[in-house]
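See below for the structure under consideration.
Quick note: the coordinates plus some simple rules give every number you see, no bench work behind them. These numbers come from a predicted model, not from an experiment. Every residue, glycine as well, gets a Cβ built from its backbone with ideal geometry; the counts of neighbours run over all protein chains shown.
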Amino acid sequence: MSAMRTQLEIHIEEIGNRLKELHALSSGAFMKAMKAFELLDQEVAAEVKRNSQQIEELSMKVEAKVFETIARRQPVASDLRRLATYLQVAHHLHRVGRYAYKIAHIVKLCKDLEHFKELQSLPYVAKLAKKTLEIAMKGVLDNDLSHLDDLEKMEADSDRETSEMFEEIIEYLRKRKDITTMAMFYVIVGRYCERAADQAFAIAERAVYMVTGEKKKLGLAYKGSSADAPH
C-alpha cells in the first residue's frame, strides 16, 4: 500500500498540471499564429489575439499557486527548486504566448500584402521551436533530460536555416524594390521563432537545475565553444 501523499505533493502536482496546460496553450497559439502568417489568414490571426488572454490568466494562476505553496507549505531542497523552476517556466511560456500575439498582429499589418516567395524556412524553424519546447517541458514535468543533445542539434539547425533565409531575403531585395515591407515582416517573424526557441533553452536549463541541483549552460555544443560544451 502506497504512503499517503502530503499536501505539498498534491499542490506541486496541481501546479505541474497547470504548467502542462500552459505549455499546450502557448505552443498551440504560437503554431497557429505561424500558420496564420503563412496563409495571411486574418480570421485565424484574430482568433490567436482573442485567446491570448487565456495564456495570460493561466500564467498568473501558476505564479499565484507557487507563491501560495511556498508560503503555506514551506518546501525545502528539491521541492523548493521544483517550485522555483515552475515559476520561471510559467514566465517563459508566457513569453512564447506573447510572441504568438505579436505574429498574429503582424498578419493584421499584412492586409493587402502578399508573399513574394514560397515560405519554407519560417514554417520549418517554427516546428523546431515547438519541438525544443516539447523537449524542455519533458525535462521539467517528467524529469527527463535524455534529449538535451537533440535540443542542441536543433538549435544549430535553426540558426543555420534562419541565416540562409536572411541571405535569401537580401538577394530578393537586390532585385525588387516593392517587397521591403513584407521582407521586414519575414525577418521579424523569424526573430520571434528564434526567441521562442531561446525560451525553450531557458526552460531546459531550469530543468537541469531542478533535477540535478547543478546549473548548466546549454547551446554551446555546436557554436564552436568546445571548452565549455558537453561531450
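Compute the longest continuous run of the chain that contains no exposed chymotrypsin sites (Phe, Trp or Tyr not before Pro); treat a site as exposed when its DSSP state is not H, G, I, E or B and it has at most 16 other Cβ atoms within 10 Å.
Longest run free of exposed loop sites: 1-115.
Tell me, what HN-Hα J-couplings in whole Hz come from the Karplus equation 6.51 cos²θ - 1.76 cosθ + 1.60 at θ = phi - 60° for each residue of segment 162-170, using x for Gly and Pro?
Whole-Hz 3J(HN,Hα) from phi for segment 162-170: 5, 4, 5, 5, 4, 5, 5, 4, 4.
Given H placed on each backbone N at 1.01 Å, which residues far from Asp144 in sequence or on other chains put an amide H within less than 5 Å of it?
Residues meeting the amide H criterion: Gly139.
Once both labels are modelled 7 Å past Cα along the beta-carbon direction, what's the His91-Lys216 spacing in nm?
2.2 nm
Subtracting the Cα-Cα distance from 0.36 nm times the residue separation, let me have the gained length for Gln74 to Phe166 in nm, one decimal.
In short, 28.1 nm is gained.
Could you sort out which of Lys49/Lys108; Lys32/Lys111; Lys117/Lys177; Lys108/Lys130; Lys32/Lys131; Lys32/Lys217 sit more than 21 Å apart by Cα distance in this structure?
In this structure, Lys108/Lys130; Lys32/Lys217 exceed 21 Å between Cα atoms.
Among all stretches of the chain without exposed GluC sites (Glu not before Pro) (DSSP loop, at most 15 other Cβ atoms within 10 Å), which one is longest?
1-113
With θ set to phi - 60° and the Karplus curve 6.51 cos²θ - 1.76 cosθ + 1.60, what are the ³J(HN,Hα) couplings of segment 123-130 in order, to the nearest whole Hz, using x for Gly and Pro?
Taking θ as phi minus 60°, the curve returns x, 5, 5, 5, 5, 5, 4, 4 Hz for segment 123-130.
Place +1 on the Cβ of every Lys and Arg and -1 on the Cβ of every Asp and Glu in segment 7-212, take the dipole about the Cα centre, and give the residue among Tyr124, Asn51, Gln88 whose Cα lies farthest towards its positive end.
Asn51
Restricting to Cα pairs below 8 Å that are 6+ residues apart, what does the relative contact order work out to for the chain? Please round to a whole percent.
Relative contact order, the chain: 25 percent.
Could you compute Rg(Cα) / (2.2 N^0.38 Å) for the chain, with N its residue count?
The chain yields a ratio of 1.13.
Please compute the modelled spin-label separation between Glu43 and Met60, points set 7 Å along Cα→Cβ, answer in nm with one decimal.
3.1 nm
If I stretch the segment between Glu9 and Leu173 completely, what's the gain in nm (0.36 nm per residue apart, minus their alpha carbon distance), one decimal?
Length difference between fully extended and current span is 53.3 nm.
Using only Cα atoms, find the angle between the long axis of helix 42-73 and the longest principal axis of the chain, and express it within 0 to 90 degrees, rounded to the nearest 10.
20 degrees
Using alpha carbons only, how many degrees (0 to 90, rounded to 10) separate the axis of helix 7-39 from the longest principal axis of the chain?
0 degrees
If you take every residue apart from Asp178 with its C-beta less than 14 Å away from the C-beta of Asp178, what net charge results, scoring Lys and Arg +1 and Asp and Glu -1?
Once all neighbours under 14 Å are counted, the net charge is +3.
For segment 91-137, build the convex hull from the C-alpha positions and give me its volume per residue in Å³.
Per residue, the Cα convex hull of segment 91-137 comes to 60 Å³.
Find out how many positive minus negative residues lie around Ala104, taking Lys and Arg as positive, Asp and Glu as negative, among other residues whose Cβ is under 13 Å from that of Ala104.
My count for the surroundings of Ala104 gives +4.
Quick one: what are the phi-derived ³J(HN,Hα) couplings along segment 76-93, Karplus 6.51/-1.76/1.60 with θ = phi - 60°, whole Hz, x for glycine and proline?
Going residue by residue, I get 9, 6, 5, 5, 5, 4, 5, 5, 4, 5, 4, 5, 5, 5, 4, 5, 5, 5 Hz, with x marking Gly and Pro.
Which angle from 0 to 90°, rounded to the nearest 10, does the C-alpha axis of helix 180-212 make with the longest principal axis of the chain?
The answer is roughly 20 degrees.
Within 10 Å, at most 12 other Cβ atoms, and a DSSP state outside H, G, I, E, B define an exposed site. Report the longest part of the chain free of exposed trypsin sites (Lys or Arg not before Pro).
6-110
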